Structures are given as C-alpha cells and as structure tokens.
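Just below is one structure, and these are the notes that go with it.
The values are calculated or read from the model by the stated rules, or taken from the named source; none is laboratory data. The model shown is predicted, which means the values in this text are computed figures rather than measured ones. Glycine also receives a Cβ, built like all others from the backbone with ideal geometry; neighbour counts cover every protein chain displayed. SASA here: full protein model, heavy atoms, side chains in, ligands and nucleic acids out. Shrake-Rupley method; radii C 1.70, N 1.55, O 1.52, S 1.80 Å.
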Amino acid sequence: MSTPLWGKPDSVIDARIMRFLVGDDVVLDRELFAHDLVASRAHADGLARIGILSADEAAAIARELDALHRAFESGEFVLDARFEDGHSAIEWWLTERLGDTGRRIHTGRSRNDQVLVASRLWLKARLDELAETCLRIARVTLDRARAEASLPMPGYTHLQRAVVSSAGLWWAGWAESFLDDLEIARATRALVDANPLGTAAGFGVNLPLDREGVTAALGFSRLQVNPQAAQLSRGKYEQLALSALAAATGDLRRLAWDLSLYTTAEYGFVRLPPEYTTGSSIMPNKRNPDVVELLRASHAAVAGAMVELATLTALPSGYQRDLQFSKAPVLRAMRHGLDALALVPELLARLEWDEVRLRAAIEPAMHATDVAIEKARAGIPFREAYRDAAALGAELAARTPEQSLAARISPGGCADLRLEVLERRLAGLAPS
Ligand code: ARG
C-alpha cells in the first residue's frame with residue numbers, strides 16, 4: 001500500500017493492522033469513486049473562488065480528475081489495496097501528476113465530509129433509480145388492470161377461497177402500492193438531498209468556504225448546515241433510503257409469493273415467461289419459478305442491511321470509524337433490491353393467465369357475501385342475511401362471476417376500479 005494520507009515520518013504502520021483498518025473499504029469505494037471525483041472537482045473550484053487555489057490550479061485539477069475518471073472507467077487505473085481508500089487514490093493521482101497543486105486539494109476538507117458527500121450523491125442516484133423502477137412497475141400493472149378488468153379471479157383471505165374478484169383488481173392493487181413506493185422514494189430523496197461537503201471533520205474550518213456555490217455545483221437542493229448534523233446523518237440517511245427500498249421490495253416479496261403460488265399445479269393460474277423459469281438437475285419433469293423466488297428473497301438482504309445499520313449507528317455524535325462499516329450493507333442491499341425490481345416490469349408484462357383455471361377455482365359459495373349484502377340492502381338485518389346466505393346452495397350455484405363483478409360497485413371494487421384515478425396519480429408522478 002502507498003503511504004496513507006496521514007502518514008508522518010514517525011508513523012508506525014503495521015501491515016496486518018492496516019489491512020484490518022481498510023478491510024474491503026477500498027474495493028467498496030469503487031462504487032462511490034465517480035461521485036468522489038465530481039465532488040473533488042466542486043471542492044477545488046470552490047477553493048479557487050475563495051483564492052486558496054489559483055484559477056490555473058483549479059483547471060489543472062479538473063483536467064486531472066477527468067483523466068482519472070477516464071482511466072478508472074477504462075480499467076487502466078484500478079482502485080485497489082495499494083490505497084487506503086478512494087480518497088487517498090485521488091490525492092495520490094493529483095500529486096503524482098501535479099505535484100504541490102495536487103497536495104493542496106485537501107485544504108479545508110476531511111475524508112469525513114468527503115466520504116459523506118460521495119455517498120450522498122450515490123444515494124440520490126440510487127433513489128432516482130428506485131423511483132423510476134417503481135414507476136415502470138406501476139405503469140405495467142395499471143395497463144394490465146385496464147386490459148384484464150373483467151377477467152374473473154378468485155379472491156382469497158387466509159389463503160382460503162373468499163369472494164369473486166378480478167385480475168383487474170389484483171393488478172390495480174400492485175399499481176397503487178408501487179405508486180406509494182414511488183412517492184416514498186421521491187420523498188426520501190428530497191430529504192437526503194443535502195450537501196455535507198464543507199463540514200470537514202465535523203466542526204467546520206477556519207476558511208470562508210463557498211459552501212453555497214459547491215452545493216449548487218453538485219446539484220443539491222440544500223446545504224447541510226451544521227457539521228455535527230452532517231456526521232449524524234451518516235448511516236441515518238442510508239437507513240431512510242433502505243426503508244424506501246424496503247417498501248418496494250416488501251411489496252415485491254408479496255407479489256412474488258402470489259406468483260409462486262399461482263404457478264403451482266394446485267392453483268395453475270399463471271404461466272411465467274419461459275426465461276423466468278429453470279429446470280431441475282434431477283427431476284426432468286420440473287419447471288421451477290426460481291426467478292420469482294429470488295425476487296421474493298431479495299427483501300431479506302434489504303431488511304438485514306437495515307438491522308445492520310441500526311445496530312452500527314449506536315454511537316456518540318461526531319465521526320467514528322465504525323461508520324465505515326455502513327458502506328457494505330447499503331451497497332449490497334441497494335444492488336440486490338434494485339436488480340430484483342428491475343426484472344419485474346417485463347416479467348409482469350409477459351405473464352399469462354389461465355382463464356379456465358381461474359374460473360374453475362371460483363365456487364358457488366364465493367357468492368355468499370354478495371347475496372348476504374343484497375338481502376341486507378333489501379332491509380333484512382345483515383346478521384340475519386349472513387346466516388341465510390350460507391344455506392342458499394341452489395341460488396349461489398346459479399350465479400356467474402360476471403354478475404358478481406358487475407355488482408361490485410363500491411369505489412375501488414371490481415365494477416369501479418377507478419383506474420383513471422390511479423392513471424392521474426401516475427401521470428402526476430411521471431417525469432415531464
Ligand atoms: N473509509 C472511511 C469511512 O468510510 C473514510 C473516512 C476516514 N476518516 C477518518 N477519520 N479515519 O468512514
């Protein structure tokens with residue numbers, strides 16, 4: 001490893017301890033690196049505005065940061081254990097290329113605000129990705145709700161046959177839920193959209209840093225004013241972002257559960273697109289819904305990371321090195337969750353219903369609730385109507401799913417799905 005940034009002539013550096021301090025941090029920094037470079041550029045430009053760097057020096061730094069970005073993207077520069085972290089690599093590169101100018105980049109900043117700003121920019125990008133994917137899922141499910149509004153489907157509670165329902169209601173349920181998830185992602189993004197750069201180690205610095213200018217240059221909507229608050233937000237904002245992700249992966253878990261049930265021979269309601277199923281290595285007759293199962297499992301990575309962060313942030317105020325360990329769970333959970341969600345729009349667009357099986361699963365007793373409510377509407381006290389309806393074998397058998405769906409007029413019910421309400425909400429949330 002190159003000498004750490006904090007290395008002094010008298011520093012004792014034990015390789016084994018150094019490895020422990022760094023762990024896999026420098027590798028994780030690969031994911032944040034592009035953001036660290038952008039923030040470093042903004043910091044250098046800010047230093048130039050207050051006369052700490054000359055315009056030429058800032059321009060040279062900007063040029064070298066671009067070069068580093070290109071070398072990193074092409075694989076010519078590898079961020080690896082030669083460096084303590086991505087931050088050290090940036091300073092090393094600038095110093096190699098620019099000598100003393102490079103040695104000035106860290107004026108007025110600490111790795112404590114540097115890691116915060118890089119992580120924050122990364123987090124905002126992930127929340128944008130989350131919102132965009134939720135929007136796509138809502139789009140597909142709403143389209144299918146419209147197309148299959150009148151396709152009868154058994155409605156279950158407790159996994160027991162309950163009432164006649166429709167594929168339209170089922171689809172619209174996911175559409176509305178993923179619109180909620182979209183709004184949660186957006187609201188979380190708005191909250192975390194705050195610039196911590198310029199708070200240094202957690203106490204500010206004795207320079208008139210142009211924090212507003214840096215905030216605008218990096219596209220943040222506000223300044224994270226107080227340096228201690230900036231440090232307190234590390235791990236906390238990540239937890240908020242994971243909660244937003246968990247809202248979506250939690251819905252996905254339940255959706256995947258439905259699909260894994262519906263593809264069994266026992267239900268037989270759904271055929272998955274063939275690419276989303278796999279064969280068995282031993283049982284030649286099998287087609288397994290492995291993709292759906294891993295979609296369901298992806299929520300566990302998110303929920304686990306939330307616990308890890310909550311445990312980790314049991315800390316006093318200010319920077320503590322423990323916070324380094326917040327990176328791995330967040331990066332991993334975001335990747336898991338976003339990769340899973342990204343597969344969902346196409347899977348849903350292409351799954352096929354087996355209408356015969358759907359209809360066959362609707363039995364006469366599932367009309368009993370409709371009958372009881374009809375009687376109550378005609379003046380019989382509901383409790384009495386409820387008792388009578390269950391006993392009306394022939395009357396129930398004479399009913400069709402279509403009649404039941406047509407009569408379900410309560411707003412949001414099968415006869416009045418109010419898809420236009422969801423459509424308007426979606427349109428209001430779609431980027432213009
Ligand atoms: N890798 C460190 C982290 O993620 C960077 C900040 C180091 N700061 C320090 N004071 N040692 O927290």
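Here are the numbers for the structure shown:
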{"read-out": "Enumeration of residues in the stretch 91-122 that are in a helix (DSSP H, G or I) and either within 12 Å of the ligand (Cβ to nearest atom) or of a type in the set (Lys, Arg) (or both)", "value": "Arg97, Arg103, Arg111, Asn112, Asp113, Gln114, Val115, Leu116, Val117, Ala118, Ser119, Arg120"}
{"read-out": "Residues (over 15 Å from the mean Cα position of the chain (by Cα) and either basic (Lys, Arg) or open to solvent by less than 40 Å² (accessible area, probe 1.4 Å) (or both)) located in the stretch 166-195", "value": "Ser166, Ala167, Gly168, Trp170, Trp171, Ala172, Gly173, Trp174, Ala175, Asp193, Ala194, Asn195"}
{"read-out": "Test: residue in the stretch 123-135 that is at pLDDT 95 or above and within 16 Å of the ligand (Cβ to nearest atom)", "value": "yes"}
{"read-out": "Filter result (away from the ligand (no atom under 14 Å from the Cβ) and free of Cβ contacts under 8 Å to residues at least 24 places away in the same chain) within the stretch 1-12", "value": "Thr3, Lys8, Pro9, Asp10, Val12"}
{"read-out": "Residues located in the stretch 384-405, provided they are within 46 Å of the chain's Cα centre (by Cα) and open to solvent by 70 Å² or more (accessible area, probe 1.4 Å)", "value": "Tyr386, Ala390, Glu402, Gln403"}
{"read-out": "Pair list, Cβ < 9 Å and 6+ apart or interchain, from the stretch 86-104 residues that are over 18 Å from Asp29 (Cβ atoms) and open to solvent by less than 10 Å² (accessible area, probe 1.4 Å) to residues that are within 16 Å of the ligand (Cβ to nearest atom) and not hydrophobic (A, V, I, L, M, F, W, C)", "value": "Gly102/Glu91"}
{"read-out": "Enumeration of residues in the stretch 21-31 that are modelled with pLDDT under 90 and not in a loop (DSSP other than H, G, I, E, B)", "value": "Leu21, Val22"}
{"read-out": "Complete set of residues in the stretch 14-39 that are open to solvent by less than 90 Å² (accessible area, probe 1.4 Å) and more than 14 Å from the ligand (Cβ to nearest atom)", "value": "Asp14, Ala15, Ala34, Leu37, Val38"}
{"read-out": "Among residues of the stretch 351-366, those that are closer than 12 Å to Ser404 by Cα and assigned to a strand (DSSP E or B), counted", "value": "0"}
{"read-out": "Residues within the stretch 288-314 that are more than 20 Å from Asp339 (Cβ to Cβ) and exposed (fewer than 15 other Cβ atoms within 10 Å of the Cβ), tallied", "value": "4"}
{"read-out": "Hits in the stretch 58-90 - residues which are away from the ligand (no atom under 16 Å from the Cβ), of a type in the set (Asp, Glu) and within 28 Å of the chain's Cα centre (by Cα)", "value": "Glu73"}
{"read-out": "Cβ pairs under 9 Å, 6+ apart, first in the stretch 293-316 and modelled with pLDDT of 95 or more, second part of a loop (DSSP other than H, G, I, E, B)", "value": "Leu309/Gly235; Ala310/Gly235; Leu312/Gly235; Thr313/Arg234; Thr313/Gly235; Leu315/Gly235"}
